[in-house]
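A.B. asks: Submitted below is the structure of interest, expressed as structure tokens.
The values are calculated or read from the model by the stated rules, or taken from the named source; none is laboratory data. Since the structure is predicted, the reported quantities are computational estimates derived from the model, not experimental observations. Note that each Cβ is placed from the backbone with ideal geometry, even for glycine, and that neighbours are counted across all protein chains shown.
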Amino acid sequence: MKTDTDDVVSLLQRANAALTEGRVRDLLLHTRQAAGLAEAHDLANVSIHMRVASMLQAAFRFSGEPDMFERALAACIRVGDQTALPQWAIPARALAGNILMMAGRLHQAIEMCDASLALAHACALHDDRVASMGYQFRGYVLMEWNRLEEARSSLLTAWRVSAVTDVGVRSGVARMMAELELASGDIAAAQQWSNDLAAIVSEPMTLRNREWLAAVRTRQGFAVTRDLRALDAWQRRHDYQIDSLVRLAKAEVTARLHEFAHLLTMLESTRQWASLAQLSEVIERGARELRVGYVISALCARAVSREALGAVDEALELWLRALECGEAGGFVRVYIDGSPARVRLLRRAAEHPRGASHARRVLDAAGLLHRDDARVPLTDRQRDVLRLVARGFSDREIAAETGLSVATVKTHLRAAYARLGVGSRTAAVAKMAGAGIV
């Protein structure tokens, strides 16, 4: 005889199939039905409620809808607080942390992850796979706060305690470790983690996983080769041409924000300012209020594009709006992952009454705020050029990175040497390093 539990399981299976195939509308429909039925009949099976919570989390991720956020969070807290079974309560609290993180509530997110791990310790399960999601999502928040070594430790612990069959945890850890190593400048390690990710998600390779993996690999390859042809081929292969993206419906943009964020970074790296502005507007339109990280990304990208095109006052206003959006959650990396213009905008915002507090926190968290900084009499552009010199860039490479001409780069260098009282690149970098700026 068919039971209510059977009906919920059937709906969850349909929702999962829709998730795998990228059918967001069906994902929302079947998830709502499954959640409603489980709540109405108060099913005793905790595993069913956990599956419902997990699918609600996925529905929120791809839709950004407030009701999905509320229902997903409530479902996780219900399992986390009301069950006496730690094997369900521990991951439920961690999943609640992930939902809060996606909504930009980073401090609440890490508190929930810490609660998950505290329960795991109390039950002597902190070294068990049941605690892996707590370490995983805690690492995500620490990464955004630019606490990279703490993030690495938490993510690697998640990898170690999880089982090979824990595909969700392991794919998430591999994905974030690829990002972390790329941010740290270790391209080889980043490529190895992306290879691990490919091995994990290859069967089945969902539509979204395939596109995300292609984006990660293109970013890593571009970081090494600066090959614009490879970037163009990637955009064409996955239909990431800007003219196509601006015509997408809002719901479709919302479902694909995690893919488009990679394109945003690469457009900024290649100084495609008009396309960057267009894509940032597309992302802002689809991000909705509860996907704060993407709203900030879009505002930052628009600010960078406007400054590059000479609209400096508009750029600062957009940057101040981005800082206001991220201050409550303490966002950091979203402001610094990109071109040197971001540091200039942060420094300008640090002198503005509306943005000073959070801009200084971001600069400090990124290691860019030093007490000796003001004593070095350089313009922001001269500092940017010398930072690239310190990384071993030639004048031509600096020109390509900053969008300046080679002659302008040389002019900035000569002016910097005069202000620093030095006569060479080496001496200039040494003086900057002594002030803690490079």
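For every residue, the table says whether it meets (1) within 23 Å of residue 266 (Cβ to Cβ); (2) touching a strand residue (DSSP E or B) at 6+ places or on another chain (Cβ under 8 Å); (3) assigned by TED's automatic domain parsing to the domain that holds residue 342; (4) without any contact (Cβ under 8 Å) to a residue 40 or more places away in the chain.
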residue: 394; (1), (2), (3), (4): yes, no, no, yes
residue: 397; (1), (2), (3), (4): yes, no, no, yes
residue: 404; (1), (2), (3), (4): yes, no, no, yes
residue: 410; (1), (2), (3), (4): no, no, no, yes
residue: 416; (1), (2), (3), (4): no, no, no, yes
residue: 428; (1), (2), (3), (4): no, no, no, no
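Residue by residue, here is whether (1) surrounded by 23 or more Cβ atoms within 10 Å (Cβ to Cβ); (2) within 16 Å of residue 403 (Cα to Cα); (3) touching a residue at least 40 places away in the same chain (Cβ under 8 Å); (4) outside the structural domain of residue 322 (by TED's automatic domain parsing) holds:
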| residue | (1), (2), (3), (4) |
| --- | --- |
| 258 | no, no, yes, no |
| 262 | no, no, yes, no |
| 269 | no, yes, yes, no |
| 281 | no, no, no, no |
| 299 | yes, no, no, no |
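A.B. asks: Shifting gears a bit: Taking segment 17-31, which residues are within 18 Å of residue 75 (Cβ to Cβ), surrounded by 18 or more Cβ atoms within 10 Å (Cβ to Cβ) and not hydroxyl-bearing (Ser, Thr, Tyr)?
C.D. replies: Here is the first cut: in segment 17-31, the ones within 18 Å of residue 75 (Cβ to Cβ) are 19, 27-31.
Remaining after also requiring surrounded by 18 or more Cβ atoms within 10 Å (Cβ to Cβ): 19, 27-28, 30-31.
Selection gives 19, 27, 28, 30.
This table checks each residue for (1) small (Gly, Ala, Ser); (2) closer than 18 Å to residue 290 by Cβ.
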| position | (1), (2) |
| --- | --- |
| 9 | no, no |
| 13 | no, no |
| 17 | yes, no |
| 36 | yes, no |
| 45 | no, no |
| 48 | no, no |
| 53 | yes, yes |
| 71 | no, yes |
| 75 | yes, yes |
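A.B. asks: If the requirement is being at pLDDT 90 or above and farther than 24 Å from residue 328 by Cβ, which of these qualifies: 82, 108, 87, 57? Reasoning before the result, please.
C.D. replies: Numbers: 82 fails: at pLDDT 90 or above; 108 fails: farther than 24 Å from residue 328 by Cβ; 57 fails: farther than 24 Å from residue 328 by Cβ.
Checking each option against the conditions leaves just 87.
A.B. asks: Looking only at residues that are modelled with pLDDT under 75 and assigned to a loop (DSSP other than H, G, I, E, B) in segment 404-437, which one is nearest to residue 304 (Cα to Cα)?
C.D. replies: Taking segment 404-437 first, the residues modelled with pLDDT under 75 are 430-437.
If we keep only those that are assigned to a loop (DSSP other than H, G, I, E, B) as well, we get 435-437.
Numbers: 435: 27, 436: 25, 437: 22 Å.
Going through the qualifying residues, I end up with 437.
A.B. asks: State all residues of segment 115-129 that are surrounded by fewer than 24 Cβ atoms within 10 Å (Cβ to Cβ) and touching a helix residue (DSSP H, G or I) at 6+ places or on another chain (Cβ under 7 Å); if no residue qualifies, say none. Outline the logic, then answer.
C.D. replies: Our first condition is that a residue be surrounded by fewer than 24 Cβ atoms within 10 Å (Cβ to Cβ); within segment 115-129, this holds for 115, 117-119, 121-129.
115, 117, 119, 123, 125, 126, 127, 128, 129 - these are the residues of segment 115-129 that are surrounded by fewer than 24 Cβ atoms within 10 Å (Cβ to Cβ) and touching a helix residue (DSSP H, G or I) at 6+ places or on another chain (Cβ under 7 Å).
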